[in-house]
Amino acid sequence: MHFTPIKQAAVLLTCLFGLLMVVPNFFSKETLAHWPSWVPTRQLNLGLDLRGGAHLLLSMETNEVRKDWLDTVRDDARRRLREAKIGVTGLGVANNAVQVRLAKPEDADAALKELRGMVQPVGNLLVGSGGGDLEVKKGDGGLLTITPTEPGIQQRIGNAIGAAIETVRRRVDSLGTAEAQIVREGRDRILVQVPGLQDTAGLKELIGKTARLTFHEVNRDVSATEARQTRVPPGFKLYESGVRDEGALVLRETPVVRGDELVDAQPAFDSRTNEPVISFRFNNSGARKFGNFTKDHVNLPFAIVLDDKVISAPVIREPILGGSGQISGNFTVETAHQLAIQLRSGALPAKLTIVEERTVGPSLGADSIEAGKLAGIVGGIATIGLTVLVYGTFGIFACVGLVVHGLLTVALMTLAGSALTLPGIAGLVLGIAMAVDANVLIYERIREELRAGKSPIAGIDAGFTRAFVTIADSQLTTLACAFVMFWLGAGPIRGFAVTLTIGILTSIFASVTVVRLLIYYWLRSNRGLRRGAEVPV
Amino acid sequence: MRLIPNFKGFDFFPHNTRLPFMRYKGLCFGLSVLAMVISLAIIAVKGFNYGVDFKGGSLIEVQSTTGAADVHQLRDKLNKLGVGAVQIQGFGGPSDVLIRVEQQPGGEAEQQAALKKVQEALGTQYTQRRVEVVGPAVSSELRMTGFIAVAAGLLAIVAYVWFRFEWQFALGAIVALTHDVLVTAGIFSLFQLEFDLSIVAALLTILGYSVNDTVVVSDRIRENLRKFKRMELNELLNVSINETLSRTILTGCTALAVLIALYAFGGEVIRNFNLAMLLGVVIGTYSSIFIAAPLLGYLGVRRDWSGASVARSGKSEVAPAAQRVNAASK
């Protein structure tokens, strides 16, 4: 039982550090803003279940990503073969691959070389190249297939998720809520957490739409009804209508301009009909493409398509050269506003579906905090009462250790930035039980050693040394369990595991080291303690 | 430290007790195995009342803005929406209601559509305090991770105990822990209490608590094995249990006191979690005394614990089998 002055200082400073880190939690954010910068002002993060907010898990339709990529590959292949003057009789997407049928089978080698130029290496700087993203193979009779490789698809999905996160962030930010967290989860999922948000319906509407806007040329020779009965001409596609008054149309599949060339979109009102419209502006290249197209198609209709549905098909009265225009499509003020946000934030690379939603209203969160506080106070009083009753003066030391344990746990959680959740409160409580257990083990051991006839100092010393083996063993097994929870756990389990882990780590310091130091001071102030004298335990 | 008066605590526990735990080990062991078998049978027959996390579907907690909620009227209204059976139950206060919508056939989008219908039907008469929707993909994943988490937790613990003690201790721990998990789960199945993700967390915590208890007893057994080299194994196990009994009871009481406070005041949302924990603490304490230790009596254990230091000095390897005392055969 000896503590060097340095050791004493280290223990006391650690306790002081815990106290300093916890203090800001008792003040409001406004008060903290006036504090000098060197004072810690970080507060404990509360989880969504305690402060209220929305949690949405979105899953991306990876098939759409795959399909889009195949379409791009198909267009690219067509362009390359045309430029190389290699004739084809068929070129299309089938069986998750692009198939090319050459007009002359003897062109196969030249075509193969041309198409292999499309292959991009997959991989990053760390892993190095893991092969190409496409595989080009020669079949019989002038048939070539271009198949995406698995790493290639993974890379495309990764890119799409990254792009989708950016888009979702812009859309969520438009709701005016700060602190939204948007992160990738697993292979094809995005987790959106918006603290304090109550109206999830609006949020869901905003991120539920791909908002891919395209402008298409209308085929004048084939009507939709004809196309349904016979065949759609090559390069064209039948688009259903998204609005009641408009019929389905046959449109050229490759759009004239895409929504990603928009620089602005705002809700507005039509100056003549006064109905809600969206006014938009293209960037330079978009304006040029649109200008050229409208110049060549005066008095002909063109179609505006949103997420593969025609929303309007106006007739071009005069060339639109300035790069700006407006879309009418039976909007309400609400939907025009929403669509404008979606267009400004860019299209999602693929559709996102909500696979999990958890929303907690602020009133329930506040109730849970109150309940947690009350339970904590009652549990704390019961623990302190029991400990002092059973262990006397040493019991008081143990309670001081418990307070230090609580302070340090909260301090570490604040420092680590991990949020306190409802199951987390339970984890804290269990941590307290573990801390009490450590003291019980020590004190029972001291009593045993004293009964065996050891002198007070020897008995106390032996109690700490012997009990420590057991404490370490029991805490480490619980720690193993907590790690598994953290590693495998979802949401609530993980929050619980974090607080439990921190609680176990601090309990060894607080219940063993701090209590030991207190007993050391007690021994020093009771120098007259002789063999056989009473140890207050 | 003069500030604090010196006073002794109330040493409530009689010392030098020799309660004959091991005499009834056969009975206890048999009962425990029976409890495990019955739990398994109940789970097999009745299954679990899975919560939204594992079953999928929606859960909405609402609070009436106009005093007490009219559960009957709400039930009539929501069951006409064509979203399958809608379960409605009171939750805490008279104005609080929990609405459960079963998982809709189809895919992820159908769940959201059903939720929208219910939310619209609720109107402004109710404030929505909590909404949870779990789609089919996530619920099946959560079921899987929940199961794996418990199994992995069990294995992690056993690996640690094996590493620190002998395989007999690890076997005792695994049987005791499996017993705890099975019986707790069996009680949840028997009373059809809602089984969700938080119960998995509770089961994992019970594992932690129970193994804590088992390790404390095992530690004492190991110590006594070194101390009393000639004591008969059953007697030694009994002494060890008795010596740690005061600690077992005190820690158990503190844990129970805190958990009862949480159960009573911690709010509705974590009530089931706390119930599972309460059950677990009791069952976990029981299993360390009546399953893990007696099993050692049956399995026997290496007696020569100085062997480790002998092996280090290179004189002999492992204690020969003849030195092992197989108490079960005595």
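Bear in mind these aren't lab numbers, they're just calculated from the coordinates by the rules spelled out. As the structure is a computational prediction, the values presented were derived from the model and not from experiment. Counting neighbours? That spans all protein chains shown, and the Cβs are built from the backbone with ideal geometry, glycine included.
Here are the numbers:
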quantity	calculated
Order by protection proxy (mean Cβ within 10 Å, highest first), peptides A:202-214, A:415-427, A:495-507, B:73-85	A:495-507, A:415-427, A:202-214, B:73-85
Order of B:Ile249, A:Ile153, B:Ile283 - criterion: other Cβ atoms within 10 Å of each residue's Cβ, fewest first	B:Ile249, A:Ile153, B:Ile283
Average beta-carbon neighbours from other chains, 10 Å sphere, peptide A:378-390	5
Whole-angstrom gap from the range B:64-88 to the range A:1-80, using each part's C-alpha centre	39
The range A:266-358: GluC sites (Glu not before Pro) in DSSP loop, at most 16 other beta carbons within 10 Å	none
Most positive-pole-ward Cα, A:Val222, A:Phe331, A:Gly47, against dipole of the protein assembly as shown from beta carbon charges	A:Gly47
Part-to-part distance (alpha-carbon centres) for the range A:428-474 and the range A:137-211, which is given in Å	55
Normalised convex hull volume, the range B:57-134, alpha-carbon set, Å³ per residue	73
Antiparallel %, DSSP beta bridges [both residues in the protein assembly as shown], to 5	95
0 to 90° range, to nearest 10: angle between helix A:456-488 axis and chain A longest Cα axis	10
Shielding of B:196-208 by partner chains, average beta-carbon count, 10 Å	6
Ranked list, fewest to most other Cβ atoms within 10 Å of each Cβ, for A:Met413, A:Met1, B:Met36	A:Met1, B:Met36, A:Met413
Å³ per residue enclosed by the Cα convex hull of chain A	223
Charge dipole (debye, nearest 20) of the protein assembly as shown; +1 at Cβ of Lys and Arg, -1 at Cβ of Asp and Glu	2760
For residues of B:215-227, the mean tally of beta carbons on other chains within 10 Å	3
Given charges at beta-carbon only (K, R positive; D, E negative), |dipole| of the range B:57-134 in Debye	120
Separation of the A:Ala103 and B:Leu190 label points, Cα + 7 Å toward Cβ, nm	8.3
Under-23-angstrom lysine pairs by C-alpha in chain B, whenever the two are 8 or more apart or on separate chains	14
Value at 222 nm in deg cm²/dmol, rounded to 500, when DSSP H runs of n ≥ 4 in chain A each add -39,500 (n - 2.57)	-17000 deg cm²/dmol
Cβ crowding within 10 Å averaged over residues, with A:382-391, A:510-519, A:322-331 ranked highest first	A:510-519, A:382-391, A:322-331
